[in-house]
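The values are calculated or read from the model by the stated rules, or taken from the named source; none is laboratory data. Quantities reported herein were computed from a predicted structural model and do not represent experimental measurements. Cβ: placed from backbone, ideal geometry, glycine included. Neighbour counts: every protein chain shown.
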Protein chains: 2
Amino acid sequence: MNPIIIKKISAIVGPAFCTTRREDLHCYSFDGAGKIFLPEAVAFPATTAEVAAIMRLASEYGFPVVPRGAGTGMTGGSVPIRGGLVLALSRMNHIVEIDAGNQIAIVEPGVITGDLQQAVRKFGLFYPPDPASLKFCTIGGNAAECAGGPSAVKYGVTKDFVIGLEAVLASGDIVTAGTRTEKGVTGYDLTRLFIGSEGTLGIITRLILRLLPLPEHKETFLVTSTSLASTTALVARILNSNIRPCTLEYMDRTAIRVVTDRLSTPPPPGTEALLLIELDGDRDTVDHQTARLKALLATEPDCHCHHAASQTEVDELWQARRSISPATFNLSPHKISEDVAVPRTRIPDLVAFTERLSAELGLTILTFGHAGDGNIHVNIMLDKDDPEQLRRGESAKERLFRQAIALGGTLSGEHGIGLSKALFLALELNDATIRLMKDLKQLFDPHNILNPGKIFPEGVV
Amino acid sequence: MNPIIIKKISAIVGPAFCTTRREDLHCYSFDGAGKIFLPEAVAFPATTAEVAAIMRLASEYGFPVVPRGAGTGMTGGSVPIRGGLVLALSRMNHIVEIDAGNQIAIVEPGVITGDLQQAVRKFGLFYPPDPASLKFCTIGGNAAECAGGPSAVKYGVTKDFVIGLEAVLASGDIVTAGTRTEKGVTGYDLTRLFIGSEGTLGIITRLILRLLPLPEHKETFLVTSTSLASTTALVARILNSNIRPCTLEYMDRTAIRVVTDRLSTPPPPGTEALLLIELDGDRDTVDHQTARLKALLATEPDCHCHHAASQTEVDELWQARRSISPATFNLSPHKISEDVAVPRTRIPDLVAFTERLSAELGLTILTFGHAGDGNIHVNIMLDKDDPEQLRRGESAKERLFRQAIALGGTLSGEHGIGLSKALFLALELNDATIRLMKDLKQLFDPHNILNPGKIFPEGVV
């Protein structure tokens, strides 16, 4: 990117909103995956028209453009591995409209997910997707990676709430997809094609989101168990008993251990696993579902169910749950963090497999996460400066992927492929499918300027 | 299609499953849109491999292939307007697996929607999409057109229940999309790209469907009103009062009139419109929602709410609702039947517009349908043999489309574009979006052999 290009970008966004200062570039060089690649410049466009002008410039000069929300992704999706321009969408952070009557919101991509949740709450409405980073991450990034969260077990993930969008193509053309109506079948479903495409097909510049009425009531339960196998098997039992929790989170004993100090009442000794369960809805429904849940749990001899008595207690439990990922670093300096998903009846098999893997390879492996939808976060703890440990860790990761797929599952439930999983794409998809996806990439982005090197294994660095 | 091609197709599917007899061709020459085009041959493949072999042949010889379920579509999606081969998927009608533990089903495309509903019901499970043709139509056709139905207001449409699929491309390559898990972000969302693509991008040969627990209880209400405006405004009021009906169907006075003879207790004189409302869930929830609904309706002076007392009565109401479309032919020999959708607060505007249109053009226009999701079926009654009436009807159709879009809506809620709406695509989508969709078609089907002439205006015949 020569000075002429930088000057032209500055002219588009204004000189205050384009930077090539090294200290600025550093801030836009990494995400949650931990790999660092400096961009050559960062621009902060304010409008779709500015994004379109930048893409026209990028097409003309052939420099990479990597869109970025808050950089909280877990697979390197927003990391500029081939340099070029990071397009930071933080200024496009307006909630354009909340249409309460039709229960939709129209937002720019830089809106913080938690801010949107707060804003719609004032109208008695609810935007369910709740990634752990919801206080920082953006709707645009959530859409690009198709982020999930605990509420997905009942409500679904980001893709289930985006009913339309506007995107800028590599050429600078602006396309629209979907409608303000829940139903719509006018032409191909471009909305979903952009969602989860990790910025490789276009830059999402506006989103139409569906909202739900805010549930009136919620109850929280902590189910501790002295048996790991019973706990993992309990997940499908609950969901097959006409109980529809809005949270069904799981932690194994190691995950519990790393956050025990956050709990004023630690789980009883001998606890091997726990489930954090929430029920929401109107009061009567919650009461009814609570009775059903308690009746089911009464038949589980290894389990103890504690019904949270106050909001303080609930907040403490969530605080503990959300602290697992950072707290794991008390165990070792690095980790390989994966988010495979399996059909929920296969969770016991997956977790038993990770236990065997841990024993065989001599590595601490934690499992926790969104058990209700079979999306288990597997953290393989290690010291990457020890080449031997790193080798064992990488082996564990590949075997985990193969096992998840053998169990009918997928490489990624909600983190995306990005850089971290690109090498493993062929474990899940056949040649014809990968070829078709690459052809799609080629069609949308013939000069490979949109977030180059992601999803497909050629990009791995 | 010369005899050599026919012979080769026969060799693939077996001679009993390929026909060129004129009386057979007639059976596969039309759908609910009423336009007739004879194919040159019809084949009945039994496996994905046979479909793939046929597509390789079609690519080699360049003949059109039009996939077909039960031909119940409303926009000409399965009509072979350029001749060639109709690929009737009626033999690929196996429910491959019902995985009750994970609440999913794997099916072939020729499975009848109602049959699947019955089959999963035995496991206490529920497949919600319920197009009016559910006793005849197929899951594959539902997916190709993204069919909806009354339950969409609570549960969503076909696309919301297909989590993965297998498809044969124009080249004969077999691709897979999605997974058996609710979550999954491995590469681009090909599942949704095939859904609603009306057979123009590939032949869907297998589907992975998500299921829900069967609701335990349901209550049905008939709300009649002496005010059309109050009724259409009531739709959004109900949905914004934390009431979540699984049915919120609307009929205007003309729709009521054509089916009155199916009702043992006709609506009271002076009825201008009605809503058919159902609440489902566990008993307590339904009771709670019922109380809320009745309290709301008590504030509506123009309305009378009748709570259905028996299953017989409920069946009769549904029988009447499902008979509207055929019964309209008692009013005039032909109709233009459209399924625009608007944001639900705009239903009063849309319906008032059709009333004005009717008065101005001197045509009977009925409105009824899935008011809960803003998807209003507008039937413009006419005699097509009267050129003057036809001209007025076509004018009404175009003005209806323009109005729906001006209200923030869409050309089609659930019927697709097919042939009938292709000319109007540019009313809803900008040039760049249509160009991108055409580029996608070109990428998937470079020789234009997959259901040629659909969706895009060039195809209109």
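Brief remarks follow.
- Of all residues in region B:180-195, those that are more than 7 Å from chain A (Cβ to nearest Cβ) have Cβ atoms under 8 Å from Cβ atoms of residues that are in a loop (DSSP other than H, G, I, E, B), 6 or more apart or on another chain, in B:194/B:201; B:194/B:202.
- Taken over region B:168-179, the residue count meeting the criterion of being modelled with pLDDT of 95 or more and either at the interface with chain A (Cβ under 7 Å from one of its Cβ atoms) or within 25 Å of residue A:458 (Cβ to Cβ) (or both) is 8.
- Contacts under 7 angstrom Cβ, first residue in region B:235-247 being more than 9 Å from every other protein chain (Cβ to nearest Cβ) and under 17 Å from residue B:224 (Cα atoms), partner small (Gly, Ala, Ser) and assigned to a loop (DSSP other than H, G, I, E, B), 6 or more apart: B:247/B:151
- Flag for residue B:151 being more than 24 Å from residue A:374 (Cβ to Cβ), modelled with pLDDT under 95 and within 14 Å of the chain's Cα centre (by Cα): no
- Residue in region B:208-217 that is at pLDDT 95 or above, more than 8 Å from every other protein chain (Cβ to nearest Cβ), touching a Pro at 6+ places or on another chain (Cβ under 7 Å) and buried (at least 24 other Cβ atoms within 10 Å of the Cβ) present: no
- Residue in region A:141-160 that is farthest from residue B:210 (Cα to Cα), counting only those that are touching a Lys or Arg at 6+ places or on another chain (Cβ under 9 Å) and surrounded by 24 or more Cβ atoms within 10 Å (Cβ to Cβ): A:141
- Flag for residue B:227 being under 30 Å from residue B:291 (Cα atoms), out of contact with any helix residue (DSSP H, G or I) (no Cβ under 7 Å at 6 or more places or on another chain), crowded, with 20+ Cβ neighbours inside 10 Å and not assigned by TED's automatic domain parsing to the domain that holds residue B:68: no
- Verdict on residue A:9 being in a helix (DSSP H, G or I), over 26 Å from the mean Cα position of the chain (by Cα) and surrounded by 13 or more Cβ atoms within 10 Å (Cβ to Cβ): yes
- A single member of B:184, B:196, B:164 is of a type outside the set (A, V, I, L, M), assigned to a loop (DSSP other than H, G, I, E, B) and modelled with pLDDT of 95 or more, and it is B:196.
- Restricting region B:330-340 to residues that are in contact with a helix residue (DSSP H, G or I) (Cβ under 9 Å, 6 or more places away or on another chain) and either away from chain A (no Cβ under 14 Å) or surrounded by fewer than 21 Cβ atoms within 10 Å (Cβ to Cβ) (or both), the residue that is nearest to residue B:378 (Cα to Cα) is B:337.
Conditions (1) surrounded by fewer than 23 Cβ atoms within 10 Å (Cβ to Cβ); (2) polar (S, T, N, Q); (3) out of contact with any helix residue (DSSP H, G or I) (no Cβ under 8 Å at 6 or more places or on another chain); (4) in a loop (DSSP other than H, G, I, E, B), marked per residue:
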{"site": "A:5", "(1), (2), (3), (4)": "yes, no, no, no"}
{"site": "A:25", "(1), (2), (3), (4)": "yes, no, yes, no"}
{"site": "A:33", "(1), (2), (3), (4)": "yes, no, yes, yes"}
{"site": "A:39", "(1), (2), (3), (4)": "no, no, no, yes"}
{"site": "A:49", "(1), (2), (3), (4)": "yes, no, yes, no"}
{"site": "A:54", "(1), (2), (3), (4)": "no, no, no, no"}
{"site": "A:58", "(1), (2), (3), (4)": "no, no, yes, no"}
{"site": "A:81", "(1), (2), (3), (4)": "yes, no, no, yes"}
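- Entry remark, region A:439-456: residues being in a loop (DSSP other than H, G, I, E, B) and within 11 Å of chain B (Cβ to nearest Cβ) number 4 in total.
Here's the yes/no breakdown for (1) within 14 Å of chain B (Cβ to nearest Cβ); (2) at pLDDT below 95; (3) out of contact with any Gly (no Cβ under 7 Å at 6 or more places or on another chain); (4) closer than 26 Å to residue A:356 by Cα:
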position	(1), (2), (3), (4)
A:227	no, no, yes, yes
A:230	no, no, yes, yes
A:233	yes, no, yes, yes
A:253	no, no, yes, yes
A:257	no, no, yes, yes
A:266	no, yes, yes, no
A:272	no, no, yes, yes
A:276	no, no, yes, yes
A:283	yes, yes, yes, no
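- Selection from region A:373-422 of residues that are in contact with a Pro (Cβ under 9 Å, 6 or more places away or on another chain), within 10 Å of chain B (Cβ to nearest Cβ) and surrounded by 24 or more Cβ atoms within 10 Å (Cβ to Cβ): A:374, A:409, A:414
- Region B:229-244, residues that are within 25 Å of the chain's Cα centre (by Cα) and more than 17 Å from residue B:298 (Cβ to Cβ): B:232, B:235, B:236, B:239, B:244
- Count of region B:315-349 residues which are within 15 Å of residue B:367 (Cα to Cα) and free of Cβ contacts under 8 Å to residues at least 60 places away in the same chain: 4
- Verdict on residue A:159 being modelled with pLDDT of 95 or more, within 17 Å of residue A:376 (Cα to Cα), not in a loop (DSSP other than H, G, I, E, B) and not hydrophobic (A, V, I, L, M, F, W, C): no
- Boolean, residue B:230 is among the small types (Gly, Ala, Ser) and in contact (Cβ under 8 Å) with a residue 60 or more places away in the chain: yes
- Residues in region A:341-351 that are more than 9 Å from chain B (Cβ to nearest Cβ) and within 26 Å of residue A:33 (Cα to Cα): A:347, A:350, A:351.
- Of all residues in region A:423-438, those satisfying the criterion of being free of Cβ contacts under 8 Å to residues at least 12 places away in the same chain and within 7 Å of chain B (Cβ to nearest Cβ) are A:429, A:430, A:432, A:433, A:436.
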